[in-house]
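Step one of this worksheet: look at the structure below.
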Amino acid sequence: MNNNCDKQRHVHEFVGSVRLAELNTDDVHNHRFAGVTGQAIPCKGSHIHRISTRTDFFNDHFHIIDVFTGPAIQVGKGRHVHFVYAVTRERDGHRHAFIVATLIENPIGDNNHC
């Protein structure tokens with residue numbers, strides 16, 4: 001096993017649901033999504049992450065999510081999260097708004113990580 005810290009650095013898990021779409025139709029629905037962000041990208045004295053994923057499949061479609069998080073938001077003890085307010089790409093004639101916060105990085109507090 002190669003334990004080279006240059007291979008992967010700081011990332012966050014995320015999980016969320018998009019808001020309902022097609023509210024005035026028989027197809028009212030939402031989607032769920034989950035994954036791991038891209039590595040930290042330095043930005044204006046902080047850093048951001050790219051979230052690039054697909055929602056789950058509902059009825060006959062899914063949506064692409066390809067956004068960047070906001071900067072780090074400190075939550076205490078040197079830990080942080082990131083916040084996103086955005087919309088999915090259009091599919092099946094509609095888009096979904098969503099709000100998501102990443103999970104805390106390094107949740108077990110191991111200081112020997114990269």
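The values are calculated or read from the model by the stated rules, or taken from the named source; none is laboratory data. What you are looking at is a predicted structure, and each value in this text was computed from that prediction instead of being measured. Heads up, the Cβs are rebuilt from the backbone with ideal geometry, glycines too, and the neighbour counts pull from every protein chain shown. What goes into the accessible areas is simple: the full protein's heavy atoms, side chains included, and nothing from ligands, DNA or RNA. Shrake-Rupley method; radii C 1.70, N 1.55, O 1.52, S 1.80 Å.
Scan the range 86-101 for residues that are open to solvent by 70 Å² or more (accessible area, probe 1.4 Å), in a loop (DSSP other than H, G, I, E, B) and either at negative phi or of a type in the set (A, V, I, L, M) (or both) and jot them down.
Residues satisfying the conditions are Arg89, Glu90, Arg95.
Scanning for something farther than 14 Å from Val18 by Cα, in contact with a His (Cβ under 6 Å, 6 or more places away or on another chain), open to solvent by less than 60 Å² (accessible area, probe 1.4 Å) and at pLDDT 95 or above, does the range 102-114 turn up at least one residue?
So far as the range 102-114 goes, yes, one or more of its residues are farther than 14 Å from Val18 by Cα, in contact with a His (Cβ under 6 Å, 6 or more places away or on another chain), open to solvent by less than 60 Å² (accessible area, probe 1.4 Å) and at pLDDT 95 or above.
Any idea how many residues of the range 70-85 are closer than 18 Å to Arg19 by Cα and either aliphatic (A, V, I, L, M) or surrounded by 13 or more Cβ atoms within 10 Å (Cβ to Cβ) (or both)?
Of all residues in the range 70-85, those closer than 18 Å to Arg19 by Cα come to 83-85.
Right, trim to either aliphatic (A, V, I, L, M) or surrounded by 13 or more Cβ atoms within 10 Å (Cβ to Cβ) (or both) and you get 83-84.
Here the count works out to 2.
Mind checking which pairs have a first residue in the range 60-76 that is more than 17 Å from Arg89 (Cβ to Cβ) and without any contact (Cβ under 8 Å) to a residue 24 or more places away in the chain and a second that is aromatic (Phe, Trp, Tyr) and surrounded by fewer than 16 Cβ atoms within 10 Å (Cβ to Cβ), Cβ under 6 Å, 6 or more apart or different chains?
Gly70/Phe83
Out of the residues in the range 40-58 meeting the condition of being open to solvent by 60 Å² or more (accessible area, probe 1.4 Å) and not in a strand (DSSP E or B), tell me which one is nearest to Gly16 (Cα to Cα).
First, the residues of the range 40-58 that are open to solvent by 60 Å² or more (accessible area, probe 1.4 Å): 41-42, 44-45, 50, 52, 54, 57-58.
Next cut, not in a strand (DSSP E or B) only: 44-45, 57.
Values: Lys44: 27, Gly45: 27, Phe57: 14 Å.
By that ranking, first place goes to Phe57.
How about the range 19-35: which of its residues are modelled with pLDDT under 95 and of a type in the set (A, V, I, L, M, F, W, C)?
Across the range 19-35, the qualifying residues are Leu20, Ala21, Leu23, Val28.
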